[in-house]
1. Are any of the residues in region 97-116 within 19 Å of L12 (Cα to Cα) and at pLDDT below 95?
2. Pull up region 61-76, narrow it to residues that are in a helix (DSSP H, G or I) and surrounded by fewer than 19 Cβ atoms within 10 Å (Cβ to Cβ), then point me to the one that is modelled with the lowest pLDDT.
3. Name every residue in region 4-61 that is under 12 Å from the mean Cα position of the chain (by Cα) and among the aromatic types (F, W, Y), in order of residue number.
4. Looking for whichever is surrounded by fewer than 13 Cβ atoms within 10 Å (Cβ to Cβ), at pLDDT 95 or above, under 18 Å from N40 (Cβ atoms) and not aromatic (F, W, Y) here; the options are A125, A79. Which one fits?
5. So in region 38-60, with the set limited to residues that are without any contact (Cβ under 8 Å) to a residue 60 or more places away in the chain and hydrophobic (A, V, I, L, M, F, W, C), which one is surrounded by the most Cβ atoms within 10 Å (Cβ to Cβ)?
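The values are calculated or read from the model by the stated rules, or taken from the named source; none is laboratory data. Note that the coordinates shown come from a computational prediction; the quantities given were computed from them, not determined experimentally. Note: ideal-geometry Cβ built from the backbone for every residue, glycine included; neighbour counts use all protein chains shown.
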Amino acid sequence: MKKSTIPVTYGLAIAAGLIIYFLFLSLLGLHTKPYMSILNAVIAGTGIYLALKNYKLYKGSHFKYQKGFMAGILTGFNATIVFTIFIALYASTFNPDFLSNMEWRLTGETGLTIFLFEVAIMGFATSLVLTLSFMQLFKDSWNTPDGNRHTFNDKEKK
């Protein structure tokens, strides 16, 4: 898989997972309970981890932290954009009463624009935190007995 298609492919897969989970919750009548969205991080985390793993395999010994970080961020951002568009369609077209039924409203009625902004910011923040966390697993280690830079593959060869 080309490096440029990894963020798109995995981003769309994450978005599909988030949409399926949301629709499943709506069938159970739980989609208006914000605490049910905690599993969104698990879905996004799984997709970002797999995207980074695939990207590292693709790049091999030429894997760079900055490029891996960008692959993870773009994966999460692609998923967030697609999911936010879905939520916009759902809340405006398919279920116009969705926002008025939300159990999590701090200041009265929340408009669709503000709600979509919240969904996007939560998605972008989750993507950033997950990517930073997972990149610690994929980056080269400088913490070696001889002080040289090693990867996991270098250690296995010895």
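1. yes
2. Per the criteria, the residue is S61.
3. Y10, Y49
4. A125
5. Ranking the candidates gives A51 first.
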